[in-house]
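K.L.:
I'd like to ask you about the structure that follows.
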2 protein chains.
Amino acid sequence: MISNFQEIISKNAKGMKKSAIRELLKLVKDPEIISFAGGLPAPETFPRKELISIVKEVIEQDGAAALQYGATEGDDKLRTLIMENYKELGFDITIDNILITTASQQGLDLLGKVFIDRGDKVLVGLPSYLGGLQAFNAYGADMIGIKFDEHGMRSDRVEEVLTDLKAKNDMPKFIYIIPDFQNPAGVTMPEFRRKEILALAKKYDVLIVEDSPYKQIRFEGKDQTSIFALDNTGQVINLGTFSKIFLPGFRIGWVIAHKDITDKFIMAKQGTDLCTSPFVQKISAKYIEKGYFNKNLKHTIQNYKEKKNIMIAAFEKYMPEGVTWTNPEGGLFLFVTLPEYMDAQDLFLKAIKKKVAFVVGSVFHCDGSGKNTMRMNFSYASKEQNQEGVKRLAQVIRESMR
Amino acid sequence: MISNFQEIISKNAKGMKKSAIRELLKLVKDPEIISFAGGLPAPETFPRKELISIVKEVIEQDGAAALQYGATEGDDKLRTLIMENYKELGFDITIDNILITTASQQGLDLLGKVFIDRGDKVLVGLPSYLGGLQAFNAYGADMIGIKFDEHGMRSDRVEEVLTDLKAKNDMPKFIYIIPDFQNPAGVTMPEFRRKEILALAKKYDVLIVEDSPYKQIRFEGKDQTSIFALDNTGQVINLGTFSKIFLPGFRIGWVIAHKDITDKFIMAKQGTDLCTSPFVQKISAKYIEKGYFNKNLKHTIQNYKEKKNIMIAAFEKYMPEGVTWTNPEGGLFLFVTLPEYMDAQDLFLKAIKKKVAFVVGSVFHCDGSGKNTMRMNFSYASKEQNQEGVKRLAQVIRESMR
C-alpha cells in the first residue's frame, strides 16, 4: 500500500461521507427491527409472476441485443414508451430529449459531472433528498438551503438568494426541487408556487432541476402540472425513475431535458458506465407494453394509501402533545417535527433499542439544521408494523420528553 | 432554455468528447457492414437457455431481495464467489476488498472521482483503452503516455517519467496498466516486466491500476501472474468485469483493492448510482454456483481462438507488404500498423464504402499519435465475416498505398 492514501485522494473525495441512510439500511437486516428508515418500496408490489414470463420472452426473442452492450442513450423502445407517458403529462418532447440512466441517482451524479466545479453554488430545499445532496457534494458544490413553508420551497427566499448571488456574480448552476410529495418533507408544491419559481428561473437565467420519483403515487387531491410542462422551453431538467413505481432492483431512471443538455449528459454517461443494462431495459419495455405497468401501479397506490392512513391513525392515537407530522397526499414519506429542544439523533439510539428505526432529519439539511426532525417511510413495513412501530416510537418519544 | 448553457457547464464537461467507438458502434446497425470496430463479445456465447431457468429460480426463491435496493458494496454471495476465484489466482483478499461496480467502466469512473483533481498526472499506455482515457479525462486528468515495446509498457520510460515528476513534486495519482492482451495493442506483459513496474511503483510510492477484463480469455501460452498477486500489499487496484467472459448486458464489474481504498470507493459509489442491480448480481451468482460459468467460458475461448486464427490467416493471405499486426495469445483484439505515411482515418472512410469497419488507432493515444494504426476486433463477427472483412480491408489498403 502507498504511504499517503488519505492525502492523495481528490479534494472532492476528502469531503465524502458515508450515507446515514445506507448505514441505517443495514439495520433492516435485523428482522426484529421495524424499519421506517429506508425509502424502500414494498416487496409485495413486485410483479414476480409476470416478470418470469417476460424475461423468458425477452431472452428468447431478443437475447442477442438484450445481453449485449447497448446504446448510451438507452433502449429506443423504452425511451419511446417513457416519452409517450410524459407527453400525456404535457411534456413537449421527442425521444432525443430522453436519456436512460442507471436509476435516478446517476441522473443526479451526471448533473454534478456536467455542471459543477468545486465551489459552485446550487440551491436546494431545507430539507432536501440526501442522495441529491451527496451527489452534488461529490463535485464540491456549495449548497444554499432554501427554507420551506406549507407549499414547499419559499419563492421569496429563492428571489432573495438569487438577487444576492447575482450581485456577487456567483450565480447558482441550478435550483434543485422535488415538487411532488417531497423527500423528506412530504410536501407537494402547488402550481402557483411552481410558476413563481419558474418565473424567477427565467428572470435570473438559471436552470431548474425537477426530481420527481413519486409523482405517480398520488392517494388523493389533484395532480399538479410538472414544472417541465409549465415551461417546455428547456429551462427545466426533469429526473424520473422506476425505483418507486415499478422496481428499484432494475436500477432504471431517466433524464428529460433540452436536447443540448441531453447530448452533454450522454457524453458524460459514456465515461461513467457506458450504458445502462439493456437486459433490464428491454424487460421493462415489454412489461409496459403488455399493460402490466399501469395495472400494478394502481395496486401499489392503493396499498401505500392504506399503509399511510394506518400510520397517520397511529400517530394520532399514540403521539404525545408537541409532536407534529405531515400528512402527504402521496409518495412514501411523512416528516415529523419534535419539540425544539429534542434531538432526533439521541432518540434514534433509544428507538433502536425498542426495535424501531427512522432517519434523523438533520441529514436532509445542508446547513445541519433540523435536529428535531425525522423522516418516516410508510411503504416498506407491513400495515401491522406501521401501527406497532409508531406505537413503540411514541413511547420512546414520550419517555424522552421533559 | 437558459441563454449560456455551453458556458456554465463544468470545466471538465467542456473537455468531454463523443466517443469515436460509440459513434462507430452505430454503424454496426447496417447489417451489410462487417464490423471489427466494437469490443463486443459474440452473441452465440450468451447462455440463453440456462439464463431463463436461473432467472425463474432467482425470482421465485429470492425475488424480494433481487428486485429491491441492494447494498452499495454488492451482493455478498457474488462477492464471495469472485473472491474465491481470485484467491486461486494468488490474490490475498477477503470479501471486504471487493466492490461490485456497474461494469468496469464505473470502476474507471470511481478512480477518477476518488483520485483525480483537475491537472493531476496519470500514467497510461501509448496506446491505452479509450474508456479509461475518457473516464480520467472527465475529471481533468493530465495523461502522460508511456511508449510500448514488445512486452507492453516500457519500464525504463516509466522510471524516467516518475523521476521527472518527482523532481517537479507532481507525482501521478496512478499508473494505468492493462497487462493481459492489452486493449488495443494485444500485447501481454510478461511477469518480469510486471515486477519491474511494481518495483518502480513501490520505490516511487505510487499506485498501480491493473485493468484486466480479458485475462481469462487465453488461447495459448502461459498465464502471467496478476500484478495484484505479485504484490498483495495494496499497491495495486485490480479491475475486473463479466462483460467479456459472461455478458456485457448485465453491466457487472468489480474493483479489488486495499480495504481503505474499497471503503472510499463505496462512499463514492453511493452518490454515483447507490448500488448495482441486485437482480443481475443474483442471477450471475446463481449461474456461477451451478457451474455454468466455467463450462461456457471454455466454449467462448475455443470460439474466439478459432476466430482469431481465421483473421490472422486472412491477414497473412491478403495484406500487402508494409502492413504488420500483432498475434495475441488471447483477448478480443489485434492491432495493425500501416506504413508511416498512411492515415487510418482516411482509410476508415474508404473502408466503410466497402462495408468493413475498424477503429482508428489514434483514439487510443492520449498524445494523438498512432495515426497509422488500427484496432481490429475478432470476437464479434462470424468466422466467414472475419475472413471476408479482412479481404475487403486489404483491398482498400492496397488501393490507398503509394
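The values are calculated or read from the model by the stated rules, or taken from the named source; none is laboratory data. As the structure is a computational prediction, the values presented were derived from the model and not from experiment. As a convention, Cβ positions derive from the backbone with ideal geometry for all residues, glycine included, and neighbour counts pool all protein chains shown.
K.L.:
Just checking, which of B:236, B:187 is at negative phi, of a type in the set (A, V, I, L, M, F, W, C), touching a residue at least 60 places away in the same chain (Cβ under 8 Å) and assigned by TED's automatic domain parsing to the domain that holds residue B:126? Before you say what the answer is, go through the steps one by one.
P.N.:
Details: B:236 fails: touching a residue at least 60 places away in the same chain (Cβ under 8 Å).
Unique residue meeting the criteria: B:187.
K.L.:
Further question on the same structure: Taking residue B:203 and the conditions (1) surrounded by fewer than 24 Cβ atoms within 10 Å (Cβ to Cβ); (2) away from chain A (no Cβ under 14 Å), which numbered condition does it fall short on, given that it satisfies the others?
P.N.:
(2)
K.L.:
Confirm whether residue A:362 is touching a helix residue (DSSP H, G or I) at 6+ places or on another chain (Cβ under 8 Å), assigned to a loop (DSSP other than H, G, I, E, B), closer than 29 Å to residue A:142 by Cα and hydroxyl-bearing (Ser, Thr, Tyr). Even if it seems obvious, please write down each step before you answer.
P.N.:
Details: touching a helix residue (DSSP H, G or I) at 6+ places or on another chain (Cβ under 8 Å): yes; assigned to a loop (DSSP other than H, G, I, E, B): no; closer than 29 Å to residue A:142 by Cα: yes; hydroxyl-bearing (Ser, Thr, Tyr): yes.
Against the criterion (touching a helix residue (DSSP H, G or I) at 6+ places or on another chain (Cβ under 8 Å), assigned to a loop (DSSP other than H, G, I, E, B), closer than 29 Å to residue A:142 by Cα and hydroxyl-bearing (Ser, Thr, Tyr)), residue A:362 does not qualify.
K.L.:
Filter the stretch B:96-129 for residues that are part of a helix (DSSP H, G or I) and more than 16 Å from residue B:267 (Cβ to Cβ) and give the result. Give the steps one after another, and end with the answer.
P.N.:
Pass one, the stretch B:96-129, residues part of a helix (DSSP H, G or I): B:96-97, B:103-115.
Hits for the stretch B:96-129 are B:103, B:104, B:105, B:108.
K.L.:
Of the conditions (1) surrounded by 16 or more Cβ atoms within 10 Å (Cβ to Cβ); (2) free of Cβ contacts under 8 Å to residues at least 40 places away in the same chain; (3) within 30 Å of residue B:114 (Cα to Cα), residue A:110 clears all except one; give me its number.
P.N.:
The one condition residue A:110 does not meet is (2).
K.L.:
What is the one condition in (1) of a type outside the set (Val, Ile, Thr); (2) modelled with pLDDT under 95; (3) within 26 Å of residue A:378 (Cβ to Cβ); (4) under 20 Å from the mean Cα position of the chain (by Cα) that residue A:46 does not satisfy?
P.N.:
(2)
K.L.:
Would you mind telling me which numbered condition in (1) at pLDDT below 95; (2) assigned by TED's automatic domain parsing to the domain that holds residue A:132; (3) of a type outside the set (Lys, Arg) residue A:19 fails?
P.N.:
(2)
K.L.:
Hey, among A:10, A:3, which residue is at the interface with chain B (Cβ under 7 Å from one of its Cβ atoms), surrounded by 14 or more Cβ atoms within 10 Å (Cβ to Cβ), more than 24 Å from residue B:252 (Cα to Cα) and touching an Asp or Glu at 6+ places or on another chain (Cβ under 9 Å)? Working first, answer last.
P.N.:
Values: A:3 fails: surrounded by 14 or more Cβ atoms within 10 Å (Cβ to Cβ).
Result: A:10 is the single residue among A:10, A:3 that is at the interface with chain B (Cβ under 7 Å from one of its Cβ atoms), surrounded by 14 or more Cβ atoms within 10 Å (Cβ to Cβ), more than 24 Å from residue B:252 (Cα to Cα) and touching an Asp or Glu at 6+ places or on another chain (Cβ under 9 Å).
K.L.:
Please give the helices (runs of 4 or more DSSP H) falling wholly within the stretch B:211-311 in which 1 or more residues are within 21 Å of the chain's Cα centre (by Cα) and at the interface with another protein chain (Cβ under 8 Å from one of its Cβ atoms). Before the answer, list the steps.
P.N.:
On the way: elements: B:227-231, B:259-273, B:278-289.
Where helices (runs of 4 or more DSSP H) fall fully within the stretch B:211-311 and carry at least 1 residues being within 21 Å of the chain's Cα centre (by Cα) and at the interface with another protein chain (Cβ under 8 Å from one of its Cβ atoms), they are B:259-273, B:278-289.
K.L.:
Further, regarding this structure: If you take the residues of the stretch B:61-73 that are facing chain A (nearest Cβ under 7 Å) and assigned to a helix (DSSP H, G or I), which of them is farthest from residue A:48 (Cα to Cα)?
P.N.:
Result: B:66.
K.L.:
Next question. Whether any residue in the stretch A:119-130 is assigned by TED's automatic domain parsing to the domain that holds residue A:284 and at pLDDT below 95 is what I want to check. Let's see the steps before the verdict.
P.N.:
Start the filter on the stretch A:119-130 by keeping residues that are assigned by TED's automatic domain parsing to the domain that holds residue A:284, which leaves A:119-130.
From what is left, the residues that are at pLDDT below 95 are A:130.
Yes, the stretch A:119-130 has at least one match.
K.L.:
Can you say whether residue B:39 is touching a Leu at 6+ places or on another chain (Cβ under 7 Å) and within 26 Å of residue B:263 (Cβ to Cβ), as far as the supplied structure shows?
P.N.:
No.
K.L.:
Residues of the stretch B:323-343 being farther than 29 Å from residue B:300 by Cβ and in contact with a Leu (Cβ under 9 Å, 6 or more places away or on another chain), which ones? Don't jump to the end; show me each part of the working.
P.N.:
Of the stretch B:323-343, the ones farther than 29 Å from residue B:300 by Cβ are B:338-343.
Across the stretch B:323-343, the qualifying residue is only B:338.
K.L.:
Which residue is farthest from residue A:143 (Cα to Cα), if the candidates are limited to the stretch A:175-201 and must be β-branched (Val, Ile, Thr) and in contact with an Asp or Glu (Cβ under 6 Å, 6 or more places away or on another chain)?
P.N.:
In the first step, residues of the stretch A:175-201 are kept if they are β-branched (Val, Ile, Thr); the result is A:175, A:177-178, A:187-188, A:197.
Checking the rest, the ones that are also in contact with an Asp or Glu (Cβ under 6 Å, 6 or more places away or on another chain) come to A:177-178, A:188.
Values: A:177: 13, A:178: 15, A:188: 22 Å.
Here the answer is A:188.
K.L.:
Looking at residue B:88, is it in contact (Cβ under 8 Å) with a residue 60 or more places away in the chain and more than 7 Å from every other protein chain (Cβ to nearest Cβ)? Explain how you work it out, then say what you get.
P.N.:
Details: in contact (Cβ under 8 Å) with a residue 60 or more places away in the chain: no; more than 7 Å from every other protein chain (Cβ to nearest Cβ): yes.
No.
K.L.:
State whether one or more residues within the stretch A:62-69 are touching a helix residue (DSSP H, G or I) at 6+ places or on another chain (Cβ under 6 Å), in contact (Cβ under 8 Å) with a residue 24 or more places away in the chain and at positive phi.
P.N.:
no
K.L.:
Another one. Does residue B:388 count as modelled with pLDDT of 95 or more, surrounded by fewer than 19 Cβ atoms within 10 Å (Cβ to Cβ) and part of a helix (DSSP H, G or I)? Spell out the reasoning first.
P.N.:
Details: modelled with pLDDT of 95 or more: yes; surrounded by fewer than 19 Cβ atoms within 10 Å (Cβ to Cβ): yes; part of a helix (DSSP H, G or I): yes.
Criteria met by residue B:388.
K.L.:
Still on this structure, I have one more. Across the stretch B:38-81, what is the total count of residues that are among the small types (Gly, Ala, Ser) and surrounded by fewer than 18 Cβ atoms within 10 Å (Cβ to Cβ)?
P.N.:
Of the stretch B:38-81, the ones among the small types (Gly, Ala, Ser) are B:38-39, B:42, B:53, B:63-66, B:70-71, B:74.
Adding the requirement that they be surrounded by fewer than 18 Cβ atoms within 10 Å (Cβ to Cβ) leaves B:53, B:64-65.
Residues in the stretch B:38-81 being among the small types (Gly, Ala, Ser) and surrounded by fewer than 18 Cβ atoms within 10 Å (Cβ to Cβ): 3 in total.
K.L.:
So in the stretch A:162-200, with the set limited to residues that are away from chain B (no Cβ under 14 Å), out of contact with any His (no Cβ under 6 Å at 6 or more places or on another chain) and basic (Lys, Arg), which one is nearest to residue B:10 (Cα to Cα)?
P.N.:
Selected residue: A:168.
K.L.:
Oh, and also: What is the residue count in the stretch A:373-382 for residues that are out of contact with any Gly (no Cβ under 7 Å at 6 or more places or on another chain) and either on the phi > 0 side of the Ramachandran plot or buried (at least 16 other Cβ atoms within 10 Å of the Cβ) (or both)? Write out each step before concluding.
P.N.:
Quick first cut of the stretch A:373-382, residues out of contact with any Gly (no Cβ under 7 Å at 6 or more places or on another chain) only: A:376, A:378-379, A:382.
Now drop any that are not either on the phi > 0 side of the Ramachandran plot or buried (at least 16 other Cβ atoms within 10 Å of the Cβ) (or both), which leaves A:376, A:378-379.
Of the residues in the stretch A:373-382, 3 are out of contact with any Gly (no Cβ under 7 Å at 6 or more places or on another chain) and either on the phi > 0 side of the Ramachandran plot or buried (at least 16 other Cβ atoms within 10 Å of the Cβ) (or both).
K.L.:
While we're on this one: Exactly one condition in (1) in a helix (DSSP H, G or I); (2) loosely packed, with under 15 Cβ neighbours inside 10 Å is false for residue A:85; which is it?
P.N.:
(2)
K.L.:
I need the full set of residues from the stretch A:23-43 which are within 27 Å of residue A:299 (Cβ to Cβ) and at pLDDT 85 or above, in order please.
P.N.:
Selection gives A:33, A:34, A:35, A:36, A:37, A:38, A:39, A:40, A:41, A:42, A:43.
K.L.:
Among residues belonging to the stretch B:328-368 that are among the hydroxyl-bearing types (Ser, Thr, Tyr) and over 20 Å from the mean Cα position of the chain (by Cα), point out the one that is farthest from residue B:243 (Cα to Cα). Quick ask: steps written out before the conclusion?
P.N.:
Initial filter on the stretch B:328-368 (among the hydroxyl-bearing types (Ser, Thr, Tyr)): B:337, B:341, B:362.
Those left that are additionally over 20 Å from the mean Cα position of the chain (by Cα): B:337, B:341.
Numbers: B:337: 27, B:341: 36 Å.
This residue is B:341.
K.L.:
So how many residues does the stretch A:331-372 have that are of a type in the set (Gly, Ala, Ser) and at positive phi?
P.N.:
Residues meeting the conditions: 3.
K.L.:
Quick one: is residue B:286 surrounded by fewer than 24 Cβ atoms within 10 Å (Cβ to Cβ), over 28 Å from residue B:370 (Cα atoms) and in contact (Cβ under 8 Å) with a residue 60 or more places away in the chain?
P.N.:
On the way: surrounded by fewer than 24 Cβ atoms within 10 Å (Cβ to Cβ): yes; over 28 Å from residue B:370 (Cα atoms): yes; in contact (Cβ under 8 Å) with a residue 60 or more places away in the chain: yes.
Here the answer is yes, as residue B:286 does meet what is asked.
K.L.:
Of all residues in the stretch B:114-140, which are at the interface with another protein chain (Cβ under 7 Å from one of its Cβ atoms) and charged (D, E, K, R)?
P.N.:
The one that is at the interface with another protein chain (Cβ under 7 Å from one of its Cβ atoms) and charged (D, E, K, R): B:117.
K.L.:
Checking residue B:156 against (1) charged (D, E, K, R); (2) within 14 Å of another protein chain (Cβ to nearest Cβ); (3) surrounded by fewer than 24 Cβ atoms within 10 Å (Cβ to Cβ): exactly one of these is not met. Which one?
P.N.:
Evaluating residue B:156 over (1) charged (D, E, K, R); (2) within 14 Å of another protein chain (Cβ to nearest Cβ); (3) surrounded by fewer than 24 Cβ atoms within 10 Å (Cβ to Cβ) leaves (2) as the failure.
K.L.:
Could you check how many residues of the stretch B:373-402 are within 18 Å of residue B:337 (Cβ to Cβ), without any contact (Cβ under 8 Å) to a residue 60 or more places away in the chain and among the charged types (D, E, K, R)?
P.N.:
The qualifying residues number 0.
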